[in-house]
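Taking it in order: structure first as structure tokens, then the write-up.
The values are calculated or read from the model by the stated rules, or taken from the named source; none is laboratory data. Worth saying up front: this structure is predicted, and the values here are computed from it rather than measured. Using ideal geometry, Cβ is built from the backbone for each residue, glycine included, and neighbour counts are taken over all protein chains shown. Protein only, heavy atoms only, side chains kept; ligands, DNA and RNA dropped before computing areas. Shrake-Rupley method; radii C 1.70, N 1.55, O 1.52, S 1.80 Å.
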Amino acid sequence: MAQTIDTRSPEGDLLLFARFLKNVAIKVMKPHAPLSRYRRYYDCSFLSVYYPGARISKNRITSLLDSVGKDSESRKKFYALRIAAVAEANRIAIDGTLRQDGSTVNDLSHFSRKARVKGTRDVSIIYAYSLDLKEPLCAEVFAGNETDTHVYEKFITDNGIKAGIIMADKAFTPSKIEKELAKHAGLHFLTPLKRNNAKIEKCDMYAYDSILEGFSDRILCKKAAEGNGRFLYSFMNQRKAAEEEKAYLSSADGYDDAEYKKKRKEFRTIVFESDADLDPKDVYRQYRDRWQIEIVFRAYKNELGLDKINVQGDFTVIGYELVNFIATLISCRILNKAGDAGALDDEAFGGLIEDLNEVWRKTDAPSEATMQDDGWERALDKNLDLLVKLGLAKDASVKRPRGRPRKYPKVEKPKRPVGRPRKHPAIVQ
């Protein structure tokens with residue numbers, strides 16, 4: 001008898017949610033797995049123990065993704081709860097990535113700005129990433145041919161981002177969100193300016209007047225007020241500027257003094273504009289930390305295998321991306337936990353996931369796992385050590401003190417008086 005789910009009832013909501021979580025869990029465990037093999041991975045994992053009797057065939061998962069894609073209200077509530085936790089001082093990086101989608105049956109697949117190089121149709125995925133929490137806050141799917149300026153504006157409005165310092169790339173135009181900035185006092189922007197922006201020359205931003213302390217490299221900086229409630233911040237990394245200048249001189253075809261002097265000012269420089277009066281050190285840290293989202297996108301495409309869309313239909317693609325978002329969120333938390341535990345000192349994140357997948361445990365094994373119990377199968381010592389590092393198992397062995405044990409037991413004797421004993425006893429009259 002086929003299982004039917006009434007999505008209008010609380011029981012139906014729970015069944016859909018449970019099936020959705022299993023889909024996410026398999027995406028984290030087996031990132032590159034096609035939908036047709038989800039059943040196999042479910043049967044061979046503890047998901048079948050924790051959630052017995054699940055029906056997760058390819059057709060059922062596709063139907064689930066379609067239902068999730070149509071339920072925009074629930075998705076917005078989920079993202080709103082995450083965004084509500086963001087304070088005014090939190091730093092938010094907004095960026096996008098393109099996913100290959102050759103489908104001809106959905107309206108999201110289009111030739112993007114990179115189509116000339118890639119030669120494929122794409123779907124645009126925009127992420128908001130918290131630099132303080134080190135995890136994504138929300139995501140949204142757009143057609144591959146939409147411009148960045150329009151996408152960023154719509155993304156901020158749709159997701160109700162009302163607090164935090166938003167940092168995007170040079171394609172982001174703050175003027176597009178003037179209404180949002182005016183409505184929400186806790187919402188600010190910090191955006192890099194293009195090198196030919198007239199504001200840079202007007203405020204003489206390449207005439208640095210201070211040095212940032214607390215960084216390994218020597219960073220020159222300048223802060224200037226525009227007079228309209230906005231501020232400019234400029235930075236130059238002297239070491240990297242010298243390297244770039246050397247590379248430029250060695251590769252230039254002929255020497256043009258005017259061109260050289262013009263470019264020399266721009267070597268390893270970046271200028272930001274913001275509507276917030278910030279410490280230059282905090283601005284530079286946000287610029288430096290922004291690369292976290294690039295690392296997430298790299299993991300998104302490589303370790304998580306999310307570089308291509310393997311489903312059809314607009315709503316199915318949107319539902320599929322919510323699964324990918326939660327899988328990315330879980331992976332970020334695993335990444336942060338592993339980094340804090342020192343598990344990534346000698347291993348990349350992808351290798352760590354492979355090592356964890358190699359460990360098998362019996363379903364009737366003790367719930368509190370130790371390295372020494374008999375519940376493990378195919379577990380190498382290095383994999384068990386990794387589980388202990390991550391707090392997933394305990395080491396119940398008795399540790400022997402370091403060094404060679406004493407041959408004779410230590411005997412407690414009275415201590416000898418301090419100093420050399422007299423050669424001749426003192427004569428007291």
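Hey, among the residues in the stretch 41-61 that are of a type in the set (D, E, K, R) and within 15 Å of residue 27 (Cα to Cα), which one's surrounded by the fewest Cβ atoms within 10 Å (Cβ to Cβ)?
Among residues in the stretch 41-61 that are of a type in the set (D, E, K, R) and within 15 Å of residue 27 (Cα to Cα), the one surrounded by the fewest Cβ atoms within 10 Å (Cβ to Cβ) is 43.
Considering every residue within the stretch 361-383, establish whether at least one is in a helix (DSSP H, G or I), under 29 Å from the mean Cα position of the chain (by Cα) and under 26 Å from residue 23 (Cα atoms).
So far as the stretch 361-383 goes, yes, one or more of its residues are in a helix (DSSP H, G or I), under 29 Å from the mean Cα position of the chain (by Cα) and under 26 Å from residue 23 (Cα atoms).
Kindly evaluate residue 211 against the criterion of being among the β-branched types (Val, Ile, Thr), open to solvent by 70 Å² or more (accessible area, probe 1.4 Å) and under 30 Å from residue 188 (Cβ atoms).
When the stated conditions are applied, residue 211 passes them.
Would you confirm, using the coordinates I've provided, whether residue 418 is of a type in the set (A, V, I, L, M, F, W, C), within 21 Å of residue 25 (Cα to Cα) and free of Cβ contacts under 8 Å to residues at least 60 places away in the same chain?
In short, no.
So if I check each of 54, 128, 87, which one is among the hydrophobic types (A, V, I, L, M, F, W, C), within 26 Å of residue 278 (Cα to Cα) and modelled with pLDDT under 80?
Exactly one residue qualifies, and that residue is 87.
Consider residue 258 carefully, then state whether it is modelled with pLDDT under 85, assigned to a helix (DSSP H, G or I) and more than 30 Å from residue 176 (Cα to Cα).
Criteria met by residue 258.
List the pairs whose first member sits in the stretch 165-185 and is among the polar types (S, T, N, Q), whose second member is surrounded by 11 or more Cβ atoms within 10 Å (Cβ to Cβ), and whose Cβ atoms are under 7 Å apart, counting only residues at least 6 apart or on separate chains?
173/149
Give the stretch 336-360 a look and list any residue that's in a loop (DSSP other than H, G, I, E, B), aliphatic (A, V, I, L, M) and over 23 Å from residue 47 (Cα atoms), or say none.
Passing the criteria: 343, 344, 348.
Select the strands (runs of 3 or more DSSP E) contained entirely in the stretch 167-244, then report the ones holding at least 3 residues which are more than 22 Å from residue 92 (Cβ to Cβ) and more than 28 Å from the chain's Cα centre (by Cα).
219-225
Return yes or no: is residue 190 open to solvent by less than 10 Å² (accessible area, probe 1.4 Å), in contact with an Asp or Glu (Cβ under 6 Å, 6 or more places away or on another chain) and modelled with pLDDT of 80 or more?
no
From the residues in the stretch 188-235 that are in contact (Cβ under 8 Å) with a residue 60 or more places away in the chain and of a type in the set (A, V, I, L, M), which one is nearest to residue 152 (Cα to Cα)?
Result: 190.
Residues in the stretch 2-15: is at least one exposed (fewer than 13 other Cβ atoms within 10 Å of the Cβ), within 26 Å of residue 356 (Cβ to Cβ), modelled with pLDDT under 80 and not aliphatic (A, V, I, L, M)?
Checking the stretch 2-15: not a single residue is exposed (fewer than 13 other Cβ atoms within 10 Å of the Cβ), within 26 Å of residue 356 (Cβ to Cβ), modelled with pLDDT under 80 and not aliphatic (A, V, I, L, M).
Among the numbered criteria (1) within 26 Å of residue 21 (Cβ to Cβ); (2) part of a loop (DSSP other than H, G, I, E, B); (3) open to solvent by 20 Å² or more (accessible area, probe 1.4 Å), which single criterion is violated by residue 333?
Exception for residue 333: condition (2).
Kindly indicate which of 157, 149 is surrounded by fewer than 22 Cβ atoms within 10 Å (Cβ to Cβ), closer than 25 Å to residue 327 by Cα and in contact (Cβ under 8 Å) with a residue 12 or more places away in the chain.
None of the others qualify; the one that does is 157.
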